[in-house]
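What follows is a short report on a single structure.
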Amino acid sequence: MQKKLLALVVPFTLLWMLGSVSPVQAVNLFDAANNSSTFKTYLSAVKTAGLSAKLKSGGPYTLFAPSDAAFANLPAGQWEQLLEDKPKLIRVLSYHMMPGKVKVSEVKPGDIASVEGSLLKLKSDNGMVTVNGARVTESDITADNGVIHAIDKVLMPPD
């Protein structure tokens, strides 16, 4: 009996030590964004707004996350104003989210409600997807609780 147990345990242990077998780790939206070098400003805003837990355990969501370059292209002072107005920051960030997990290949043109409540206008033309005119520059960054698409503009919800 002991020999049979050793015969089963030893090969598995060796494979695990060599890296052939690794434990499965779940990746949530927050961690998926954090693993990318594209969303540092976005994640800073998420933390400031207190939305980290929503990205870690909520969903599923589709995030149209502005890239760092998108934030850099905001008019002077606008980003600083948003950081000082937490309710508005939460609205802006929630406007970049929609319920469900939608990959680029599954985007259907039309209006869809954001988590914030206002409509987002999605377009798909020969593989190029836009949301409210912002172009998806990187797509289908998958997580267990959703998917992230990088966009080239920061979207502002209607007043």
Cα-based convex hull, segment 63-142, per residue volume (Å³, whole number): 100
P(r) of segment 30-77 over all Cα-Cα pairs, binned every 10 Å from zero, in whole percent: 25, 56, 17, 1
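Give me the net charge of L93's neighbourhood, meaning all other residues with Cβ under 11 Å from the Cβ of L93; Lys, Arg count +1, Asp, Glu -1.
+4
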Cut-off 14 Å (backbone N to label point 7 Å along Cα→Cβ of T137), residues of segment 54-82: 65-74
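Taking the Cβ of T142 as the center, what net charge do the other residues with Cβ under 13 Å away carry, scoring Lys and Arg +1 and Asp and Glu -1? Walk me through the numbers on the way to the answer.
On the way: positive: K101, K103; negative: D31, E106, E138, D140, D144.
Summing Lys and Arg as +1 and Asp and Glu as -1 gives -3.
No value in this document is a laboratory result; all are computed from the given coordinates. It should be emphasised that the depicted structure is a prediction, and the values quoted were computed from it without experimental measurement. Cβ sites come from the backbone with ideal geometry, for glycine too, and all protein chains shown count toward neighbours.
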